[in-house]
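The values are calculated or read from the model by the stated rules, or taken from the named source; none is laboratory data. Everything numeric in this text was worked out from a predicted model, so none of it was measured. Using ideal geometry, Cβ is built from the backbone for each residue, glycine included, and neighbour counts are taken over all protein chains shown.
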């Protein structure tokens, strides 16, 4: 590997994973620096958990290489055993030992060091996860979120080279999942741990990851920060999977404008298509504003109250449907016709 690759904590280079003749993850390339948190995001069956198992050493690879902290740990015909990789795992079912105390669970994986050093590490982690006074309690006495933090502390106790998290919040309710994702991100950052999260929930991914790989049919369709995935999706799959929005028919006018049923849409960054090209333009709910002065009218089909705002589903005169966010004090009823206009966009996302 190059000196740059050797400085990276985790690197996958052209990795394929197969079950028999069926390739379930193909041509996977990404690398993480020390302390960086990544997420593999995609629908069920897209290959993300299989890829996580390959990183952990539970699945062999049939092409490419996996490197961990400057050491090659997987190649075709060469798989370093999971217990020799110094990789921590956090599962969706927590997998705590019910007969061990919180402190006993955290210290279970500590093999090196004196008894005093182990006790100090356990105390350090109990403090880190906000359970300094709970060391003698048992898992059944804790809430789901507290159990998950104990499972995290157990995974972190041996100071792993990387931490792998397989749908760790799926047993929690939606609001608690996002909150716990932010809490665990903070803990990982304080420990400086490189981590890979697998989830199908984009809100978890946005709350926790520095960088996200959107997967479909065994491939990473796009790799980048959440902001880029939302505002500059690489293809239709990413555009539809990340966030909410619709693709409207449009015709290019010049490098910064297209014409649509909503009128002219403009952006601050030009596209590279000539005028007169038929395309689809991605319109997100936050791209549309309610504007009583606009000549474009839309019928409200549905509305969902979200606290600070309403999410409206609107039908345009052509029958095309769009989504629009509006502050909750701008209340409109289902069946109302309202004016809508498009805000200036940072970048027009066009598909031919």
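I'd like the full set of residues that are touching a helix residue (DSSP H, G or I) at 6+ places or on another chain (Cβ under 8 Å) and in a strand (DSSP E or B), limited to the range 229-254.
247, the sole residue that qualifies.
Please indicate, with yes or no, whether at least one residue in the range 284-300 is within 23 Å of residue 233 (Cβ to Cβ), exposed (fewer than 13 other Cβ atoms within 10 Å of the Cβ), under 31 Å from the mean Cα position of the chain (by Cα) and not assigned by TED's automatic domain parsing to the domain that holds residue 174.
no
If you check residue 314 against the conditions, is it crowded, with 17+ Cβ neighbours inside 10 Å, assigned to a strand (DSSP E or B), touching a strand residue (DSSP E or B) at 6+ places or on another chain (Cβ under 9 Å) and on the phi < 0 side of the Ramachandran plot?
The answer is yes for residue 314.
Would you confirm whether any residue within the range 60-69 is in contact with a strand residue (DSSP E or B) (Cβ under 6 Å, 6 or more places away or on another chain), in the same structural domain as residue 163 (by TED's automatic domain parsing), under 28 Å from residue 131 (Cβ atoms) and outside any strand (DSSP E or B)?
No, the range 60-69 contains no residue that is in contact with a strand residue (DSSP E or B) (Cβ under 6 Å, 6 or more places away or on another chain), in the same structural domain as residue 163 (by TED's automatic domain parsing), under 28 Å from residue 131 (Cβ atoms) and outside any strand (DSSP E or B).
Taking residue 5 as meeting all but one of (1) touching a strand residue (DSSP E or B) at 6+ places or on another chain (Cβ under 6 Å); (2) in a helix (DSSP H, G or I); (3) at pLDDT 95 or above, write down the number of the exception.
Here residue 5 clears every test but (3).
Among the numbered criteria (1) within 12 Å of the chain's Cα centre (by Cα); (2) crowded, with 16+ Cβ neighbours inside 10 Å, which one does residue 203 miss?
If we test residue 203 against (1) within 12 Å of the chain's Cα centre (by Cα); (2) crowded, with 16+ Cβ neighbours inside 10 Å, just (2) comes out false.
For residue 198, work out the one condition from (1) closer than 22 Å to residue 345 by Cβ; (2) assigned to a strand (DSSP E or B); (3) in the same structural domain as residue 149 (by TED's automatic domain parsing) it doesn't fulfil.
Result: residue 198 passes all but (1).
With the requirement that a residue be within 19 Å of residue 102 (Cβ to Cβ), modelled with pLDDT of 90 or more and in a helix (DSSP H, G or I), what does the range 150-190 give you?
150, 151, 152, 153, 154, 155, 156
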